[in-house]
Amino acid sequence: MLQKYRILGKKGEGSFAEVLACQNLRDGQVYACKRLKGDFTSDKRSGRLALIFELMDINMHELLHARKRPLPEFRVKSYMFQLFKSLDYIHSNGIFHRDIKPENILIRDSLLKLADFGSCRSMYTTPPYTEYIATRWYRPPECLLTNGYYTYKMDIWAAGCVFFEILT
């Protein structure tokens, strides 16, 4: 499927995947391609798994560190509203993210999108969950003080940490 796209360059890299900017050869539209580093094996085919997404401009971490002054309050309110709406949506569908942080919040103009669902879990599975989940700075007390007994509320805690970071 990746042969339908021309790779324009690397946008970023994580532990398990790299993100590339790519152009659809048919319509010329530019997308983000998240390509897993390891091989993927299924009943039908084997190879590397690549996922095509809408290309966003920047992540929240990059946006905050590129600015000389804090974001205007109206923009902070808009971003936080969109972040909490996205959390409400995934939580109401039985999923919690477990890795809310500025690097996983993508921005294009005034639009915010939550990304990187590689650590998400069903809210209906039985704990204990993985103890060392989420980035340390956004980890709630129950992740630090219990042996994997935490809930979807950890996403709310992390969003609160992101809110503080955006304001300061």
Label-to-label distance, nm, for residues given as Arg136 and Lys153 (7 Å Cα→Cβ offset): 2.5
Once phi for every residue in the range 15-25 is put through the Karplus expression 6.51 cos²θ - 1.76 cosθ + 1.60 (θ = phi - 60°), the whole-Hz ³J(HN,Hα) values, with Gly and Pro written as x, are 5, 10, 7, 10, 10, 10, 8, 9, 10, 5, 5
How far is the Cα center of the range 115-148 from the Cα center of the range 11-30, in Å? 28
Which residue, Asp43, Asp116, Asp57, has the most motion in a Gaussian network model of the chain that connects Cα atoms within less than 10 Å? Asp43
Is it possible to state the helix-based mean residue ellipticity at 222 nm for the chain, with each DSSP H run of 4+ residues giving -39500 (n - 2.57), the sum divided by total residues, to the nearest 500 deg cm²/dmol? What is it? -8500 deg cm²/dmol
Going by amide H atoms built from the backbone, whose H comes under 5 Å of the H on Gly148, apart from near neighbours? none
Which length gain, in nm to one decimal place, applies between Tyr31 and Ser92 when the Cα-Cα distance is subtracted from 0.36 nm times their residue separation? 19.1 nm
Name the long-range amide H neighbours of Lys11: under 5 Å, sequence gap of 5 or more, or other chain; modelled H, no Pro or chain starts. Val19, Leu20, Ala21
Taking 0.36 nm per residue of sequence separation and subtracting the Cα-Cα distance, how much length would be gained by fully extending the chain between Thr146 and Val76, in nm to one decimal? 22.0 nm
Just to be sure I understand, if you calculate semi-axes √(5λ) of the Cα gyration tensor in Å for this structure, which of (i) 28, 24, 13; (ii) 20, 18, 16; (iii) 25, 21, 16 do you get? (i)
Reach of Lys37 by Cα under 19 Å, taken over lysines that are not fewer than 8 positions away in the same chain: Lys10, Lys11
In the range 1-71, carbon and sulfur make up what percent of the accessible area (probe 1.4 Å)? 51
How far, in nm, would the chain grow between Lys85 and Tyr124 when pulled straight, counting 0.36 nm per residue and subtracting the alpha carbon separation? 12.0 nm
With a 10 Å cut-off between alpha carbons and a GNM built on the chain, which of Ile105, Ile52, Ile156 moves the most? Ile52
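The values are calculated or read from the model by the stated rules, or taken from the named source; none is laboratory data. For clarity, every value in this text was computed on a predicted model and none was experimentally measured. Positions of Cβ are generated from backbone atoms using ideal geometry, with glycine treated the same way; all protein chains shown enter the neighbour counts. Ligands, DNA and RNA are stripped out before the accessible areas are found, and what is left, the full protein with its side chains, is counted by its heavy atoms. Shrake-Rupley method; radii C 1.70, N 1.55, O 1.52, S 1.80 Å.
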